[in-house]
Amino acid sequence: YLFFSFRRTHLCLYVVLRIEPGLHACQASALPLEPHPQPQTYQPIYLAVKGVVFDVTSGKEFYGRGAPYNALTGKDSTRGVAKMSLDPADLTHDITGLTAKELESLDDVFTRVYKAKYPIVGYTARRILNEDGSPNLDFKPEDQPHFDIKDEF
């Protein structure tokens with residue numbers, strides 16, 4: 001088992017990879033985007049768009065419990081963001097069948113809202129691994145130069 005930790009303050013997001021004997025591929029454990037149990041003083045709120053996990057805690061009036069966009073949190077809600085939909089069927093990473101206008105809207109909201117306002121705290125397995133579990137060699141982290149988040153390794 002290999003443990004990789006992406007840290008921001010005292011909160012950690014762990015990705016666990018398991019290499020089976022005799023296999024060349026890695027298998028990633030699917031870890032939820034829900035916050036790690038913490039004292040009631042700090043409960044982060046995460047959501048993913050296009051495989052990028054954002055800490056949207058600073059927008060808790062939009063994403064917190066009972067807030068209008070709470071349904072988007074704790075999962076990759078790419079399709080819902082593209083369609084501007086909170087329908088549970090749209091709260092998925094799958095963008096199959098989206099129109100050109102919906103894909104354009106997705107890119108616009110991804111860049112102008114999420115990347116501009118909320119720090120990136122990690123990536124989903126679909127973003128960093130291929131379908132067979134092998135590392136995605138084309139993976140490149142998103143750039144957020146306006147955030148000063150230091151690597152703690």
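The values are calculated or read from the model by the stated rules, or taken from the named source; none is laboratory data. Not measured: the values here are computed from a predicted model. Neighbour counts run over all protein chains shown; Cβ positions are idealised from the backbone, glycine included. Surface accessibility is based on the protein's heavy atoms, side chains included, excluding ligands, DNA and RNA. Shrake-Rupley method; radii C 1.70, N 1.55, O 1.52, S 1.80 Å.
Of the residues Pro135, Pro141, which is out of contact with any helix residue (DSSP H, G or I) (no Cβ under 6 Å at 6 or more places or on another chain), under 18 Å from Tyr46 (Cβ atoms) and either in contact (Cβ under 8 Å) with a residue 40 or more places away in the chain or open to solvent by 80 Å² or more (accessible area, probe 1.4 Å) (or both)? Spell out the reasoning first.
Numbers: Pro135 fails: under 18 Å from Tyr46 (Cβ atoms).
That would be Pro141, the only listed residue that is out of contact with any helix residue (DSSP H, G or I) (no Cβ under 6 Å at 6 or more places or on another chain), under 18 Å from Tyr46 (Cβ atoms) and either in contact (Cβ under 8 Å) with a residue 40 or more places away in the chain or open to solvent by 80 Å² or more (accessible area, probe 1.4 Å) (or both).
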Open item on the list: Within region 115-127, take every residue that is under 11 Å from the mean Cα position of the chain (by Cα) and within 16 Å of Asp76 (Cβ to Cβ) and give me the one that is least open to solvent (accessible area, probe 1.4 Å).
Closed with: Gly122
Task: Hits in region 51-84 - residues which are over 30 Å from Asp138 (Cα atoms), small (Gly, Ala, Ser) and not in a helix (DSSP H, G or I) - done: Gly64, Gly66, Ala67
